[in-house]
Structure formats: C-alpha cells, structure tokens
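Below: one structure, written as structure tokens.
Nothing in this text is a laboratory measurement; each read-out follows from the coordinates by a stated rule. Everything numeric here is computed off the predicted structure, so don't read it as measured data. Because the Cβ atoms are built from the backbone with ideal geometry, glycine has one as well, and the counts that use them run over all protein chains shown.
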Amino acid sequence: MTTKTRSPLHTPLCDLLGIRYPICQAGMGWVARSALAAAVSAAGGLGVIAAVHGTPAELRDEIRRVRDATDRPFGVDVLFATIRAAGAEVERFTDQVKGWTDVALEERVPVLIAGLGNPGPVTAEAHRLGIKVMALCGNVKQARDHAQNGVDVVIAQGHEAGGHTGRIGGLVLIPAVVDAVAPTPVVAAGGLADGRGLAAALALGAVGVWMGTRFIATGEAWGHDNYKKKVVAIDEEGTVVHRGATGKPCRAVRNNFTREWEKRVGEILPFPLQAQRVGFPAALLARERGDVENGHAACGQSAGLVRDIVPAREVIERVVAEAEAVLARLGGRGSGAA
Ligand SMILES: Cc1cc2nc3c(=O)[nH]c(=O)nc-3n(C[C@H](O)[C@H](O)[C@H](O)COP(=O)(O)O)c2cc1C
C-alpha cells in the first residue's frame with residue numbers, strides 16, 4: 001500500500017467526506033475518544049468521537065485534541081435521545097443531546113453522526129455550517145425517515161452489531177436500505193471487522209463500512225486491558241442482546257451483568273433512564289475498572305473475528321490490504337467501488 005496512489009477502494013464516500021479509505025470507526029461510548037479518532041483519521045479512515053460519556057465541555061476538549069493531532073476529517077457521534085416532558089404533546093431532545101449538538105455545531109466538526117434517533121432539524125442546521133450528517137438505522141423505515149430528513153449518508157446496521165442494535169441481519173438489511181434510499185449513499189455496519197467484510201459491504205451496494213468492535217481491541221481505544229482482551233478471547237457466541245443496560249436492545253459480552261438483567265426484565269426503565277441509572281456505572285465497571293464479568297461490556301458478534309490488540313493504523317492497513325486482495329481475487333479489481 002502506498003500513500004500516493006488512489007486506492008481501488010475509493011468510493012463516493014471518500015469524496016463526500018474527504019477521506020482516503022471508506023472505513024469509518026464507529027462512535028463507542030467511553031471507548032472512542034480523541035486518541036482513537038485521531039489515529040484512525042490520520043491513517044486515512046474517518047475517526048469518530050463518541051459524545052455520550054462526557055459533558056459538552058469535555059466533548060469540546062476532545063474535538064480540539066483531534067484537531068491538534070491531525071488535520072484530517074473526523075466525526076462526532078451523538079445519541080439523539082428524546083424525552084416527553086409531563087403534559088407535553090411532542091418529544092424533545094434531552095438537555096444533554098442539546099449540549100453535545102451545540103458544541104459539535106459551534107466547533108463545525110466535519111461530520112455529525114446520529115448513532116440513535118433522528119437528528120431532525122439539526123440536519124439542516126449542520127448543512128448550513130458545511131457539516132455532513134450521517135444517521136444510523138436498523139430497518140428500512142428508519143432509513144427512509146433519515147433520507148427524507150436530508151442526511152448525507154444512511155448507515156445500515158445489522159443485528160450482529162455491538163451496542164444498540166436492531167433485529168434484521170446485515171445481509172438482508174444493507175441491500176434493502178440501498179434500494180430504499182437511493183441515491184442517498186449507504187454505509188454498512190454490524191459484524192464487519194476485516195477486509196472481507198469491507199469487500200462484502202461494497203458488493204451489497206454500500207459505499208463504506210462503520211466498524212466498532214474491531215477498534216475496541218486497539219492500543220488507542222480508551223478502556224481497561226481486560227476489556228480489550230475479552231473482545232479477543234470470546235468467539236462469535238460470546239455476546240447477547242439485552243435491555244438491562246440502557247432500556248433498548250443492546251449487544252454486550254454475555255456475563256453476570258447480562259444474566260442478572262435477563263432475570264429482572266420487569267424492573268427495566270425506559271431509555272435513557274435505565275442507561276443513566278444502570279448502564280453508565282456498569283459500563284465504567286467493565287471499561288474503566290476492567291471487571292468484564294460484572295460490568296456492561298458492549299461488544300458485537302465480530303469479536304469472533306478479532307484475534308489481537310493492535311494499533312488503529314494497523315487495523316486500517318490490514319482491512320485495506322485484505323479488501324483489495326479480495327476484489328482482485330474476484331476478478332473485479334476496483335469494480336465494487338466507484
Ligand atoms: C463498546 C461500544 C460502545 C458503543 N457506544 C455507542 C455510542 O455511544 N453511540 C453510538 O451511536 N453507537 C454506539 N455503539 C455502536 C457503534 O457505534 C456501532 O454502530 C457498532 O459497534 C457497529 O457494529 P460492530 O460492533 O459489529 O462493528 C457502541 C458499540 C460498542 C461496541
């Protein structure tokens with residue numbers, strides 16, 4: 001791989017976002033901070049900071065750290081959670097969402113990503129400031145809502161994914177969303193951890209990938225070594241989807257925490273209350289203190305494909321080299337990409 005020639009993996013996503021490779025590192029609470037985002041962006045992908053674990057002021061610091069480390073484009077991921085105030089007719093964004101979004105807009109980050117929920121009027125505001133907007137969906141209806149709202153890219157995420165996830169497998173969902181929202185570009189997510197996944201995503205009509213779990217097992221990811229080692233140690237059966245962490249279906253390492261909440265389903269509060277009361281402390285227990293048996297260790301099925309902890313740059317280089325080799329082997333070098 002040279003740094004001068006254009007990659008055969010070059011897709012419209014690369015032109016839209018100004019990135020070299022169509023690989024986005026997913027927003028991941030506690031895990032995806034400035035160190036990881038900067039490393040991925042510097043390596044030619046799209047690095048993304050997750051907003052969820054910090055205050056708006058901390059998010060601003062993180063954005064500035066990425067800018068100090070690299071001049072490449074990056075993104076900020078916000079969970080667009082809503083609440084309905086007592087007596088109110090319509091739901092509104094929580095104060096936290098408003099705080100993070102205001103910072104992202106004020107800082108004019110290159111890309112704003114809605115990891116959950118519909119960014120609604122924020123999309124038009126972001127566009128006025130020259131910010132690209134991407135939004136995640138788990139079914140075709142959500143994808144259509146995002147496209148109608150004018151987002152630049154829809155991220156179609158299959159059931160395999162770590163963190164919040166829907167019910168539809170990626171092999172069905174990704175091409176279905178591609179068909180439903182054309183000409184809006186679609187990025188594939190869920191279970192993608194290597195170059196075969198990237199090549200497959202292109203074959204399904206996507207213009208790139210949004211990869212989370214693979215990047216947990218990197219040196220730059222924030223988190224205890226036990227957590228990273230757990231991602232490497234478990235196989236494809238080592239995760240489970242449950243609502244105990246946040247109130248919404250969320251995939252995590254199967255452990256004492258998930259087993260406990262599988263027994264307490266009746267006590268689970270609606271999102272985001274369950275996240276604030278249970279999920280946040282449990283996430284810190286696993287990710288900061290390294291208690292991966294009793295904490296909430298979000299993780300996708302693709303952990304079964306993750307076999308080592310490496311620098312983020314190496315993940316990008318391996319995915320690119322493997323995807324290029326797959327496309328060449330299939331006889332269509334570059335044909336899956338525009
Ligand atoms: C540890 C972890 C934390 C996550 N936290 C968030 C988050 O804060 N915001 C968000 O939009 N998605 C979050 N997700 C989902 C990811 O952004 C992404 O959609 C998912 O990891 C992709 O699937 P994969 O893990 O199979 O690659 C998280 C996922 C993981 C594994």
What length, rounded to one decimal in nm, is gained on full extension from residue 277 through to residue 102, with 0.36 nm per residue of separation minus their alpha-carbon distance? 60.5 nm
Everything considered on the Cα gyration tensor (a ≥ b ≥ c; rounded for a/c under 1.5, else prolate if a/b is larger than b/c, else oblate), the range 225-302 must be described as prolate
Going by how many other beta carbons lie within 10 Å of each one, how would you line up 269, 136, 285, fewest first? 269, 285, 136
Measuring from label point to label point, each 7 Å out along Cα→Cβ, what is the residue 330 to residue 58 span in nm? 4.1
Hull shadow area, averaged, the chain [alpha-carbon convex hull, nm²]: 16.0
Please report, largest first and rounded to whole Å, the three semi-axes of the ellipsoid equivalent to the range 1-47, where each semi-axis is the square root of five times an eigenvalue of the C-alpha gyration tensor. 22, 12, 7
Just to verify a number: FRET efficiency for residue 289 and residue 267, C-beta to C-beta distance, R0 = 41 Å, to 0.05? 0.95
Would you mind working out the magnitude of the charge dipole of the chain relative to its Cα centre, with +1 at each Lys and Arg C-beta and -1 at each Asp and Glu C-beta, to the nearest 20 Debye? 240
I need the calculated FRET efficiency for the pair residue 235 and residue 125, taking r as the beta carbon distance and R₀ as 35 Å, to the nearest 0.05. 0.20
In terms of the charge dipole of the range 12-222, which places +1 on Lys and Arg and -1 on Asp and Glu at the beta carbon, the residue among 51, 139, 38 farthest towards the positive end is 139
Can you give the Rg to Rh ratio for the range 185-245, taking only C-alpha atoms and Rh from Kirkwood? 1.03
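Tally Lys/Arg at +1 and Asp/Glu at -1 over every other residue whose Cβ is under 12 Å from the Cβ of residue 165; what's the total? Each step should come with its number before you reach the end.
Values: positive: 167, 243, 248, 251; negative: 160.
After counting each charged neighbour, the total is +3.
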Cut-off is 10 Å between beta-carbons; in what order do 30, 100 appear when sorted fewest neighbours first? 30, 100
Counting only DSSP beta bridges with both partners in the chain, the antiparallel fraction in percent, to the nearest 5, comes to 25
Residues in the range 234-266 that a label on residue 322 would reach, taking backbone N under 19 Å of a point 7 Å out along Cα→Cβ: 234-239
Lys and Arg at +1, Asp and Glu at -1: add these up for the other residues within a Cβ distance under 15 Å of residue 138 and post the number. +4
Filtered hits (lysines, Cα-Cα < 22 Å from residue 141, offset >= 8 within chain) -> 132, 248
Pairwise FRET efficiency - residue 145 versus residue 307, Cβ, R0 = 35 Å, nearest 0.05: 0.40
